[in-house]
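See below for the structure under consideration.
The values are calculated or read from the model by the stated rules, or taken from the named source; none is laboratory data. All of these numbers come straight from a predicted model, not from anything done at the bench. Every residue, glycine among them, receives a Cβ derived from its backbone with ideal geometry; neighbour counts consider all protein chains shown.
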Amino acid sequence: MKQAFEKETGATLGGTDASGMFGFYETSCIGLSDQEPAALIDFCPVTELTPQKVKTVVAKLKTGSPAISICDEPKNNIRYTPGENTFILKDYEPGAALRNLKELEPVEVINSIKEAGLMGMGGAFFPTGIKWETCRKSVSNRKFVVCNADEGEPGTFKDRVLLNTMPGLVIEGMALGAYSVGASEGIIYLRAEYRWLKEKIEQTLEDFREKGWLGDHIPAKQPFSFDIRVQLGAGAYVCGEETALLNSLEGKRGEPRTRRYFPVERGYLAKPTLVNNVETFATAARILESGAEKMRKLGTKDSPGTKLISISGDCAKPGIYEIEWGMRLGDLLALCEANDPYYVQVSGPSGVAVSMKERNRRLCKEDLLCGGSFMVFDKTRDLLQILHNFSNFFKQESCGICTPCRAGNFILNRKLEKLQLGLGSLRDLVELEDWGATIKQNSRCGLGQMSPNSIVDAIHKFPEYFDQRVDKSGSRLNMGFDMAAAVREYEEAVKE
Ligand SMILES: Cc1cc2nc3c(=O)[nH]c(=O)nc-3n(C[C@H](O)[C@H](O)[C@H](O)COP(=O)(O)O)c2cc1C
Ligand code: SF4
């Protein structure tokens with residue numbers, strides 16, 4: 001698609017055309033992996049691109065049509081829900097969760113969340129009830145609730161689908177959180193790439209205000225006033241990390257804070273702040289609606305309930321799957337019709353690389369947790385190219401404050417390039433692991449700490465692949481080194 005855009009716009013990737021009308025730039029995942037190839041034009045999505053579609057779209061732009069008039073309404077692609085055990089994606093009845101507040105004290109709401117065993121769905125899986133309780137106990141005249149809709153982990157798009165199909169459910173979850181902790185102000189931090197969702201969310205907020213479900217005197221057992229606004233991010237992955245997000249909300253550079261205080265103690269504007277993921281708030285609302293017991297009956301002992309998984313890559317049915325925790329990896333691959341998988345990246349580039357020997361592993365806390373991204377690759381893909389792509393991502397997205405993350409990811413990247421060129425030895429694999437350990441141990445935030453995961457996992461789990469890509473002789477000579485090419489320039493100069 002790169003060539004098609006370059007041909008039609010006259011702009012080369014990374015620059016503008018001569019007239020300055022078109023700029024054409026590469027970016028990381030835009031949250032549309034189930035309908036690739038996709039692009040954002042003036043922040044409006046265009047999906048399932050073909051060279052012909054690019055031609056049509058660019059022709060319309062050239063005649064002055066605004067991007068908004070030619071963009072696509074992204075599909076939701078909800079492919080699977082577990083029948084009567086569907087918990088999150090069942091039909092949404094607006095207000096069904098909120099009306100319970102008339103009967104409940106704030107601590108009773110927290111107790112329900114604790115009883116249900118809800119874990120944070122943003123990737124860290126921290127117990128939500130404990131977070132809400134701690135925030136409640138923080139004494140302050142002002143508290144905030146923040147919904148983390150940054151969804152920057154490549155291959156994840158579940159939050160996009162939740163916000164597109166039932167923004168009201170997420171808003172209800174935020175209101176329950178606010179009632180529980182004693183907050184009166186809420187913010188949805190929406191990634192810039194989802195700007196096209198902003199109007200829909202704001203319209204839903206307006207509907208809620210009209211119904212009296214937001215604003216002053218919301219019907220509840222205790223006096224309750226709460227309102228929400230939407231604030232856009234600016235496209236940085238690290239701003240999904242909750243403390244970098246808070247800095248970004250305050251208009252500061254999006255850098256993770258030191259761990260002196262948790263956001264529930266000192267968060268937005270140094271006030272206690274509850275930060276939860278979109279899916280966490282949606283599930284909290286379902287708990288109030290359906291009861292903690294219902295959720296406890298689903299999933300496994302340590303991970304009750306269901307989970308939204310965004311599946312993309314080499315399968316016939318990419319999209320959203322609501323699975324009960326505990327489902328076997330092989331069963332999920334069968335559901336999405338991944339016919340010849342070779343490698344699955346679970347939880348995005350910062351997650352776990354999984355080989356097909358692990359088909360029987362179960363997706364749950366007891367075995368293999370999945371934050372939401374599930375990328376399937378078959379044998380036609382080159383493992384090193386995938387790892388190099390992931391590494392490019394971390395290299396670009398590191399905020400740069402910690403040297404191990406900033407420089408270490410650069411070194412990992414260069415080492416992968418060396419392997420790609422066929423110049424790698426066994427020693428390089430060892431060094432990749434050593435650098436990985438240094439980065440993990442010495443980085444301030446999860447970005448650095450998780451960035452070497454996929455490389456280190458892959459080296460362990462795909463020995464047959466790396467055996468073919470490195471020189472194992474131990475000679476320390478680079479077998480792939482092209483001596484003839486290296487001296488060609490010299491020989492030509494000598495000839496002259
Ligand atoms: C680099 C990085 C990026 C993150 N991105 C997101 C994100 O896009 N959305 C999200 O909910 N959590 C993200 N997190 C996790 C948040 O820091 C935090 O744990 C989460 O918002 C808490 O909500 P939860 O308890 O409901 O999961 C990220 C963490 C790191 C280290
Ligand atoms: S680990 Fe990386 S992204 Fe995180 S604070 Fe350090 S430099 Fe920034």
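Summary table below
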read-out	value
Check on I110, buried (at least 23 other Cβ atoms within 10 Å of the Cβ), at pLDDT 95 or above and more than 24 Å from V230 (Cα to Cα)	yes
Test: residue in region 137-155 that is of a type outside the set (D, E, K, R), out of contact with any helix residue (DSSP H, G or I) (no Cβ under 7 Å at 6 or more places or on another chain), more than 11 Å from ligand 1 (Cβ to nearest atom) and in a helix (DSSP H, G or I)	no
Matching residues, region 385-401, being without any contact (Cβ under 8 Å) to a residue 60 or more places away in the chain, over 16 Å from the mean Cα position of the chain (by Cα) and within 11 Å of ligand 2 (Cβ to nearest atom)	K395, G400
Every pair of residues 6+ apart whose Cβ atoms lie under 6 Å, when the first sits in region 402-420 and is over 20 Å from R444 (Cα atoms) while the second is away from ligand 1 (no atom under 16 Å from the Cβ) and assigned to a helix (DSSP H, G or I)	K415/D428; K415/L432; L416/L387; L416/H388; L419/L384; L419/R469; Q420/L384
Y261, sole failed condition from (1) assigned to a helix (DSSP H, G or I); (2) among the hydroxyl-bearing types (S, T, Y); (3) out of contact with any Lys or Arg (no Cβ under 8 Å at 6 or more places or on another chain)	(1)
Matching residues, region 361-413, being charged (D, E, K, R), over 17 Å from A458 (Cα atoms) and outside any loop (DSSP other than H, G, I, E, B)	R362, K395, E397, R406
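Rundown of residues vs (1) more than 17 Å from the chain's Cα centre (by Cα); (2) modelled with pLDDT under 95; (3) within 16 Å of ligand 2 (Cβ to nearest atom); (4) in the same structural domain as L176 (by TED's automatic domain parsing), yes/no style:
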| site | (1), (2), (3), (4) |
| --- | --- |
| E241 | no, no, yes, yes |
| F262 | yes, no, no, yes |
| E265 | yes, no, no, yes |
| T280 | no, no, no, yes |
| P304 | yes, no, no, no |
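To keep it simple, each residue is scored yes or no on (1) of a type in the set (K, R); (2) within 15 Å of ligand 1 (Cβ to nearest atom); (3) under 27 Å from E255 (Cβ atoms).
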residue: G371; (1), (2), (3): no, yes, yes
residue: V376; (1), (2), (3): no, no, no
residue: L387; (1), (2), (3): no, no, yes
residue: N392; (1), (2), (3): no, no, yes
residue: Q396; (1), (2), (3): no, yes, yes
residue: G400; (1), (2), (3): no, yes, yes
residue: T403; (1), (2), (3): no, no, yes
residue: R406; (1), (2), (3): yes, yes, yes
